[in-house]
Amino acid sequence: MINSDLPEKINSKHAAEIFAELYGEDHIETARNRYNTLINEMFNGSFPETELVNTSGDLRIFSAPGRTELAGNHTDHNRGKVLAASIQLDSVAIVQKRNDNIVFFRSTGFPDVKVKLTDLHGAPDLLSKPEETGTTEALIRGIAAELNRRGCSIGGFSANAASIVLPGSGLSSSAAVEVLICRIFDSLYGEGNRTPLEIAQIGQYAENAYFGKPCGLMDQTACAAGGAVAIDFADPDNPIAEQINFDLTAAGYILCVVNTGGSHADLTADYASIPAEMKAVAGFFGKSVLRELDKETILNRAADIRKKLGDRALLRAIHFFDENARVDIMLNALKKEDINRFLVLVNESGNSSLELLQNVYSPNNPGSQGITTALTLTKDFFRRQKTTAQLACRVHGGGFAGTIQAYIPADTIDAYRTNMEAVFGLNSVTPLRIRPKGVIELVF
């Protein structure tokens, strides 16, 4: 039977403390309203999968944050280093365990998803289906299959979900959903104590093998782990993660993203070209990834690489080595609380992505350059400020379309928002807050 006291718990003082930690003191009531809306839908008949014949047990609540990349643009897929952080924007799901092997997943604004898990031991229903490529069904099926392979029992659940992770923004809305689904399965049918790294790896597997996108592991790791984290992917099966202090507020800055409104549709080939070209350069030397080489080796054979693989592959390889080294320097700057030095390096990272990595717009659609435009307007805004503060901006996430990242002094954020929203629309500027918790089940 559904636990009828959950709405009361959502309105408790304890819940307010949890919401303040996840979303900030100014957003407690907004969070309460959001959670209560999802819960009420499970009661009032608007949610189609709550018949008692199919469900059992109390409602349970799960949350998974999006993430922001701080450094290490396109390095993880070649076993590089990154800095990333989970953020206050998240995907929330109100979940009830089912008595069958069906997963029903409803997310506000998206089509309902229903996946039948008829055989938990590798039968065709748990194998990747080509017709599901690029769908939430593929993610659910892939996560279920990989958890089952790792020894976790799998069963059905109904979920009423909603995400405030901006889609197409480089804040990893898809990775948030992946780790959310994995945590739900593990909590309902496993022991609920799988590590953030294992959850991240399972999500990545589903996205690579079932969804059909060749992503690295950074997004899922940051969403699963929580807080600001430095990750070294030298050993992809056992990445080294180090929690770090990242308090921009104390330094007088606000980290924000600007959504340029570009669509990520038809960009899979652009994303895939980056790891493919980097690995092609590694393959030129008989290696699988660039982390197995060094920059001097690449430069010594630059003429031969250009001839065989082209200039862009060479430039992207150089970006990898420069960016990988920059992550260590940026990490040291944060440890020393040297924000100015950190922000200088943010600009260097952005320039490298612009000039070497070349992921600010799709070469297949040169007429659409929202990221380049946003960077140009931001730098122009910086030049007009009468301040000695170090200012910084860079492309954010995978690139080609979506968002830029900007570090704005708190006393100029209103002016910056006005400038950017005049071009990119109302609410295109989103301040970010580092969230200390990764993917979790909330207990009130």
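The values are calculated or read from the model by the stated rules, or taken from the named source; none is laboratory data. On a predicted model such as this, the values are computed, not experimentally measured, just so you know. Here the Cβ is made from the backbone with ideal geometry for all residues, glycine too, and neighbour counts use every protein chain on show. When the accessible area is computed, the model is the full protein with side chains, heavy atoms only, and any ligands, DNA or RNA have been set aside. Shrake-Rupley method; radii C 1.70, N 1.55, O 1.52, S 1.80 Å.
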> In segment 93-115, what residues are under 30 Å from I254 (Cα atoms) and crowded, with 23+ Cβ neighbours inside 10 Å?
Replying inline: A93
> Name the pairs whose Cβ atoms lie under 7 Å apart, with the first residue in segment 391-411 and without any contact (Cβ under 8 Å) to a residue 60 or more places away in the chain, the second in a strand (DSSP E or B), and 6 or more positions between them or separate chains?
Replying inline: L391/Y407; A392/Y407; C393/I404; C393/Q405; C393/A406
>> For T387, only one of the following conditions fails: (1) open to solvent by 20 Å² or more (accessible area, probe 1.4 Å); (2) modelled with pLDDT of 95 or more; (3) within 20 Å of L248 (Cβ to Cβ); (4) not basic (K, R). What is its number?
In response: (2)
>> Contact list please: Cβ distance under 7 Å, first residue in segment 415-444 and modelled with pLDDT of 95 or more and open to solvent by 50 Å² or more (accessible area, probe 1.4 Å), second residue among the basic types (K, R) and not in a loop (DSSP other than H, G, I, E, B), pairs at least six apart or on different chains.
In response: E441/R60; E441/R183
> How many of the residues in segment 213-238 are more than 18 Å from M278 (Cβ to Cβ), buried (at least 16 other Cβ atoms within 10 Å of the Cβ) and not β-branched (V, I, T)?
Replying inline: 9
> Do we find that I305 is free of Cβ contacts under 8 Å to residues at least 40 places away in the same chain and among the hydrophobic types (A, V, I, L, M, F, W, C) in this structure?
Replying inline: yes
> Which of the residues belonging to segment 279-291 are in contact (Cβ under 8 Å) with a residue 40 or more places away in the chain and open to solvent by 50 Å² or more (accessible area, probe 1.4 Å)?
Replying inline: K279, R291
> Can you name the condition, by its number, that F110 falls short on among (1) in contact with a Gly (Cβ under 7 Å, 6 or more places away or on another chain); (2) at pLDDT 90 or above?
Replying inline: (1)
>> Looking only at residues that are without any contact (Cβ under 8 Å) to a residue 40 or more places away in the chain and under 25 Å from the mean Cα position of the chain (by Cα) in segment 338-350, which one is least open to solvent (accessible area, probe 1.4 Å)?
In response: F342
> Taking T403, is it crowded, with 23+ Cβ neighbours inside 10 Å and either more than 30 Å from H77 (Cβ to Cβ) or among the polar types (S, T, N, Q) (or both)?
Replying inline: yes
> Given the residues N332, N364, which is the only one that is in contact (Cβ under 8 Å) with a residue 12 or more places away in the chain, of a type outside the set (D, E, K, R) and open to solvent by 60 Å² or more (accessible area, probe 1.4 Å)?
Replying inline: N364
>> Of the conditions (1) at pLDDT below 90; (2) surrounded by fewer than 19 Cβ atoms within 10 Å (Cβ to Cβ); (3) among the small types (G, A, S), S172 satisfies every one except a single condition; which number is it?
In response: (2)
> Of everything in segment 239-275 that's crowded, with 16+ Cβ neighbours inside 10 Å and either of a type in the set (K, R) or farther than 28 Å from T430 by Cα (or both), which residue is farthest from the chain's Cα centre (by Cα)?
Replying inline: S273
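Residue-wise test of (1) of a type outside the set (F, W, Y); (2) closer than 29 Å to G310 by Cβ.
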{"position": "L345", "(1), (2)": "yes, yes"}
{"position": "G350", "(1), (2)": "yes, yes"}
{"position": "Q358", "(1), (2)": "yes, yes"}
{"position": "G367", "(1), (2)": "yes, yes"}
{"position": "T376", "(1), (2)": "yes, yes"}
{"position": "F381", "(1), (2)": "no, no"}
{"position": "K386", "(1), (2)": "yes, no"}
> For segment 184-204, what are the residues that are touching a helix residue (DSSP H, G or I) at 6+ places or on another chain (Cβ under 9 Å) and either over 21 Å from A161 (Cβ atoms) or of a type in the set (G, A, S) (or both)?
Replying inline: G190, G192, N193, T195, L197, E198, A200, Q201, G203
>> Cβ-Cβ distance below 9 Å, separation of 6 or more or different chains: which pairs start in segment 169-181 with a residue that is among the hydrophobic types (A, V, I, L, M, F, W, C) and end on one that is surrounded by fewer than 24 Cβ atoms within 10 Å (Cβ to Cβ) and modelled with pLDDT under 80?
In response: A175/C215
>> Quick check on my filter: what residues within segment 184-211 are over 29 Å from Q405 (Cα atoms) and either in contact (Cβ under 8 Å) with a residue 12 or more places away in the chain or touching a Ser or Thr at 6+ places or on another chain (Cβ under 6 Å) (or both)?
In response: I184, F185, D186, S187, L188, Y189, G190, G192, R194, A209, Y210
